[in-house]
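Peer 1: So that we are looking at the same thing, I have put the structure below in structure tokens.
The values are calculated or read from the model by the stated rules, or taken from the named source; none is laboratory data. On a predicted model such as this, the values are computed, not experimentally measured, just so you know. A quick note on method: Cβ atoms are made from the backbone with ideal geometry, for glycine too, and the neighbour counts reach across all protein chains shown.
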Amino acid sequence: MANFLSSLKSAYQLFKHIDLEKLGKLSAKVDLPKLLDSVTQLDDQQFQGLMKLMSVKGKDKPLPAVEGDFYHLGDEALKDEDRALQLKVRAFLEKEVKPIVNNYWLKAEFPHELIPKIAELNICGLTYKGYGCAGKSNLMEGMLAMEMARVDTSISTFFGVQSGLVMGSIYLLGSEAQKQEWLPKMQQFKTIGAFGLTEPEVGSGAAGGLGTTAKRQGDKWILNGQKKWIGNAPFADVTIIWARDLDDNQIKGFFVRKGAKGFSVEKMLDKMALRIVQNGLITLTNCEVHEDDRLQNANSFKDTAKVLQMTRAGVAWQAVGCARGAYEAALRYTQTRKQFGRPIASFQLIQNHLVEMLSNLTAMQTLCFRLSQLQDQGLLTDEHASLAKVFCSMRTRDVVSRAREVMGGNGILLEYDVARFVADAEAIYSYEGTKEINTLIVGRAITGFSAFV
């Protein structure tokens, strides 16, 4: 009798909210007596599980926020004013850059209308002291590099050339007069710069000697040679050209102003990556530069390397941003894309890809976080920067590949952004030192033996 009453009570709880009309429709689809008999055979634990299952409503359960900072580094590491600046830059990128970036990427053109808007953020030359610069931490600069690359790596690269390579060369190696002349204008983007080191036949081997030459004649220098892959060059107001002095065989830097006689730039076409970045092939034919426009404290490649060490850390942060943008786009897509009647994010194989992406991304973030701490403490070495660059650029390739995978065919469409991240990751992998070169820098530091040819 007790079991009968318990079964009856269970059946009542199951059907008490079903009105007669619904019950009639249900009876047309199922055998109600058989269903009732099956329910009465359930034990208490099974019945409670059934009731819980029936009470679950997916629409009542909010999805987690799409957030690539899993360890909350931004929240914990930055002061309130710096965190506010980071969020300000993020909002700018979401509002001003993201809506137009795919169109410009497809056309391989640069959105010049963004330059005054970027200038208003007042973040160029962020870590330098004086000359209109803010004197912020390297960690803050790294975070902002990540924020830019999270939306578009091309815009991040444009900014890195201006703020890092060009202004950094002047800040580290220029005379006081040169700093006063160039840095305030560049900080406000009133003057756009380019950095001319790589050549058609000299990339990784720049330390071993450049083909571009400089010969002093009185108070002038005569430059001859070519430079390739020079970002911003087609529209830059000034380009820092690195050339080998024929007299002492040392590398020196020169300001070559736009329109200089013997200086020509050809825009490079048909790139598959960083298509918004305007790269130039520069030809110097007996180009005259006054001694005052020689970078006064750049006397060897060791001086050039100081700039590269500083900016290589920024490229590692760019890799983090590229990976984060791809991960967040993929996560957002899988939460809403449905197959077999369910969001694909609910499938085990998709979740495995997402967790692998997040693991790589979080490892990259924490590595770069420590790298910037070392930089702020004055402890950064070549091998520190190289390890970060080589690891982050490799892991970024893996992250963007998995992001493209979980999106299926849509992963190759620009409108979903991941295709652009996949392509741009290939450029990050190569510039500012290839995997092989950076590996040998670290290998030399840990073994005591140089494997360079």
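Peer 1: Residues of segment 300-313 being over 14 Å from LEU367 (Cβ atoms) and either of a type in the set (D, E, K, R) or in a helix (DSSP H, G or I) (or both), which ones?
Peer 2: Just the residues of segment 300-313 that are over 14 Å from LEU367 (Cβ atoms), to begin with: 300-311.
If the condition is that a residue be over 14 Å from LEU367 (Cβ atoms) and either of a type in the set (D, E, K, R) or in a helix (DSSP H, G or I) (or both), then PHE301, LYS302, ASP303, THR304, ALA305, LYS306, VAL307, LEU308, GLN309, MET310, THR311 are the ones that fit.
Peer 1: So ASN286 fits all but one of (1) out of contact with any helix residue (DSSP H, G or I) (no Cβ under 7 Å at 6 or more places or on another chain); (2) closer than 20 Å to GLY231 by Cβ; what number is the exception?
Peer 2: (2)
Peer 1: Of the residues that make up segment 154-171, is at least one more than 25 Å from ILE276 (Cα to Cα) and of a type in the set (A, V, I, L, M, F, W, C)?
Peer 2: Taking segment 154-171 first, the residues more than 25 Å from ILE276 (Cα to Cα) are 170-171.
Now narrow it down to the ones that are of a type in the set (A, V, I, L, M, F, W, C): 170.
Looking through segment 154-171, at least one residue is more than 25 Å from ILE276 (Cα to Cα) and of a type in the set (A, V, I, L, M, F, W, C).
Peer 1: Would it be correct to say that GLU266 is surrounded by fewer than 20 Cβ atoms within 10 Å (Cβ to Cβ), in the same structural domain as ASN438 (by TED's automatic domain parsing) and among the acidic types (Asp, Glu)?
Peer 2: On the way: surrounded by fewer than 20 Cβ atoms within 10 Å (Cβ to Cβ): yes; in the same structural domain as ASN438 (by TED's automatic domain parsing): no; among the acidic types (Asp, Glu): yes.
So GLU266 does not fit the description; no.
Peer 1: Would you mind telling me which numbered condition in (1) closer than 30 Å to PRO343 by Cβ; (2) surrounded by 22 or more Cβ atoms within 10 Å (Cβ to Cβ); (3) acidic (Asp, Glu) GLU432 fails?
Peer 2: Exception for GLU432: condition (1).
Peer 1: Can you pull out every residue in segment 190-235 that is among the acidic types (Asp, Glu) and farther than 19 Å from VAL265 by Cα?
Peer 2: Residue satisfying the conditions is ASP219 alone.
Peer 1: Next question, about the same structure. Tell me which residues, restricted to segment 361-389, are among the aliphatic types (A, V, I, L, M) and within 15 Å of the chain's Cα centre (by Cα). Steps first, answer last, please.
Peer 2: First, the residues of segment 361-389 that are among the aliphatic types (A, V, I, L, M): 361, 363-364, 367, 371, 374, 379-380, 385, 387-388.
Correct list: LEU361, ALA363, MET364, LEU367, ALA388.
Peer 1: Still on this structure, please answer the following. Can you list the strands (runs of 3 or more DSSP E) found entirely within segment 156-236 that contain at least 2 residues being more than 25 Å from ALA119 (Cα to Cα)?
Peer 2: Values: elements: 193-196, 213-217, 220-231.
Of the strands (runs of 3 or more DSSP E) lying wholly inside segment 156-236, those with at least 2 residues that are more than 25 Å from ALA119 (Cα to Cα) span 213-217, 220-231.
Peer 1: Can we say LYS136 is free of Cβ contacts under 8 Å to residues at least 60 places away in the same chain, over 18 Å from ALA323 (Cβ atoms), loosely packed, with under 12 Cβ neighbours inside 10 Å and in the same structural domain as GLY164 (by TED's automatic domain parsing)?
Peer 2: On the way: free of Cβ contacts under 8 Å to residues at least 60 places away in the same chain: yes; over 18 Å from ALA323 (Cβ atoms): yes; loosely packed, with under 12 Cβ neighbours inside 10 Å: no; in the same structural domain as GLY164 (by TED's automatic domain parsing): yes.
So LYS136 fails the test.
Peer 1: Right, something else. How many residues are buried (at least 22 other Cβ atoms within 10 Å of the Cβ), of a type in the set (A, V, I, L, M, F, W, C) and out of contact with any helix residue (DSSP H, G or I) (no Cβ under 8 Å at 6 or more places or on another chain) if we restrict to segment 230-243?
Peer 2: 5
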